[in-house]
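First up is the structure itself, then whatever we jot down about it.
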Ligand SMILES: [Zn+2]
């Protein structure tokens with residue numbers, strides 16, 4: 001099942017290894033694009 005980014009609402013793709021192209025923070029999923037965009041301020045956006 002595909003996860004959605006909590007910030008941009010885009011679907012987060014999975015790699016061929018089944019890992020999401022993003023990260024889990026506080027049990028929420030964030031895509032790699034938002035991860036780069038917000039960087040160290042990412043947790044404050046949640
Ligand atoms: Zn995102």
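Any read-out appearing in this document is the output of simple, stated calculations on the displayed coordinates, not a laboratory observation. On a predicted model such as this, the values are computed, not experimentally measured, just so you know. Ideal geometry is used to build each Cβ from the backbone, glycine not excepted, and the neighbour counts take in all protein chains shown.
Quick notes on this one:
- Two-site label geometry, residue 16 and residue 4: point separation in nm, points 7 Å out along Cα→Cβ: 3.0 nm
- Helical mean residue ellipticity (222 nm; -39500 (n - 2.57) per DSSP H run of 4+; nearest 500) of the chain: -5000 deg cm²/dmol
- Rounded to whole Å, sorted largest first: equivalent-ellipsoid semi-axes of the chain, Cα gyration tensor: 18, 10, 9
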